[in-house]
Structure formats: C-alpha cells, structure tokens
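Structure first, then comments.
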Amino acid sequence: QVQLVESGGGLVQAGGSLRVSCAASGSIQKINYMAWYRQAPGKERELVALIPSGGSTIYGDSVKGRFTISRENAKNTVILQMNSLTPEDTAVYYCNALVQSWGMGASRAYWGQGTQVTVSS
C-alpha cells in the first residue's frame with residue numbers, strides 16, 4: 001500500500017505565489033510518474049502538471065509558464081511551485097502517482113486527499 005500526503009496550499013492574493021508538495025510513502029519499488037491535478041467547483045478534474053521518472057514534464061495549457069513541477073527522488077516527493085496566481089487557479093489540488101510496489105505485478109495509480117488553493121482577487 002502507498003500513501004500520498006500533500007502539504008501547502010492555502011489562501012493567496014492574485015499575483016502571488018504558493019507551493020504545494022506531496023510525499024509518497026509505503027511499499028515503493030519505483031514511481032513511474034508523479035503529477036498534480038486540480039478540480040474547481042462544478043468543473044472536471046484536470047491535469048496541472050506531470051513529471052515522469054524519465055522524459056519531459058507535461059503542463060496543462062492554463063498553467064504553462066507560471067507553474068513548475070519538480071521531484072526530489074530520494075524523498076519520493078513532488079513539488080508544485082505556483083506563480084502569478086489568478087482566481088481561476090482556485091481549486092482543490094490533488095497529488096497523483098503511478099507506483100510499482102514490491103511484489104506487485106503491475107503499477108497502480110494512487111491519489112492524495114487533496115489540498116485547497118484559494119486565490120482572491
């Protein structure tokens with residue numbers, strides 16, 4: 001079993017910055033990718049950013065140039081640095097990871113509990 005625990009988030013004024021992080025723990029042999037999704041009220045969950053174990057990062061169109069995703073592999077942690085925030089960035093942000101666990105046949109996707117980010121105008 002794998003747990004994803006998010007931290008950070010909160011309330012910030014438009015134009016400000018915020019950082020959220022997510023730490024994975026448990027039976028981890030390999031993390032194929034870690035990602036952040038977000039879901040605003042009345043909207044579908046959307047990809048914010050994804051960072052694979054190898055290869056290029058992926059960003060949602062609405063956050064390109066403003067958000068940066070990074071990993072601390074030794075700590076199984078993913079960080080999302082959010083700059084130039086707007087009220088449209090207000091949402092619950094969820095951590096997601098595709099994890100290969102020891103003794104398990106296939107990788108499995110896990111989700112964190114979510115952390116609220118609110119941007120005031």
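Taking the highest mean first, how do the peptides 96-102, 50-56 order by number of other beta carbon atoms within 10 angstrom per residue? Before the final figure, lay out the partial values.
Values: 96-102: 17.9, 50-56: 13.1.
So the peptides 96-102, 50-56, ranked by packing, come out 96-102, 50-56.
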- Query: Working from the pairwise distances between different alpha carbons, so that the mean of 1/r is found and then inverted, what is the stretch 67-121's Kirkwood radius in Å?
  - Reply: 13.4 Å
- Task: Could you pull out every one of the aspartates and glutamates with an alpha carbon less than 18 Å from that of K75, ignoring same-chain neighbours closer than 8 positions?
- Result: E6
- Task: Order the following by accessible area, largest value first: M34, M104. Probe radius 1.4 Å; ligands, DNA and RNA are ignored.
- Result: M104, M34
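Compute the length gained on full extension between R45 and Q1: take 0.36 nm times their separation in residues and subtract their Cα-Cα distance, giving the result in nm to one decimal. Could you put the intermediate results ahead of the total?
Numbers: separation 44, 0.36 × 44 = 15.84 nm, distance 2.39 nm.
Additional length available on full extension: 13.4 nm.
State the extension gain, in nm to one decimal, for the chain segment bounded by Q113 and R19, taking 0.36 nm per residue of separation less the distance between their alpha-carbons.
Separation in residues times 0.36 nm, less the Cα-Cα distance, equals 32.2 nm.
Calculate the FRET efficiency for I28 and S70 from the Cβ-Cβ distance with a Förster distance of 22 Å, rounded to the nearest 0.05.
Working from the Cβ atoms, E equals 0.75.
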- Query: So how do W111, W36 rank on accessible area, 1.4 Å probe, biggest first, that is with the largest at the start?
  - Reply: W111, W36
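Over the chain, with every protein chain in place, what whole percent of the accessible area is carbon and sulfur at 1.4 Å, could you tell me? Spell out each step's value before the answer.
Values: 3100 of 6270 Å².
Of the solvent-accessible surface of the chain, carbon and sulfur hold 49 percent.
When ligands, DNA and RNA are left out and all protein chains stay put, how many square angstrom of accessible area per residue does the stretch 76-121 have with a 1.4 Å probe?
Accessible area per residue, the stretch 76-121: 45 Å².
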- Find how many whole Å separate the alpha carbon centroid of the stretch 20-39 from the alpha carbon centroid of the stretch 49-95. 12 Å
- Message: Could you check the spin-label model distance between S53 and L11? Points 7 Å from the Cα along Cα→Cβ, value in nm.
- Response: 4.2 nm
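If you place +1 on the Cβ of every Lys and Arg, -1 on the Cβ of every Asp and Glu, and leave all else neutral, what size is the dipole of the chain about its Cα centre, to the nearest 20 Debye?
Working: 10 positive and 7 negative charges, 50 e Å.
Dipole about the Cα centre, nearest 20: 240 debye.
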- Query: With the contact rule set at Cα under 8 Å and sequence spacing of 6 or more, what percent relative contact order holds for the chain?
  - Reply: 36 percent
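The values are calculated or read from the model by the stated rules, or taken from the named source; none is laboratory data. Being a predicted model, the structure only gives us computed values, none of them experimental. Quick reminder, even Gly has a Cβ in these numbers, built from the backbone with ideal geometry, and neighbours come from all protein chains shown. Surface areas here come from the heavy atoms of the whole protein model, side chains and all, with no ligands, DNA or RNA. Shrake-Rupley method; radii C 1.70, N 1.55, O 1.52, S 1.80 Å.
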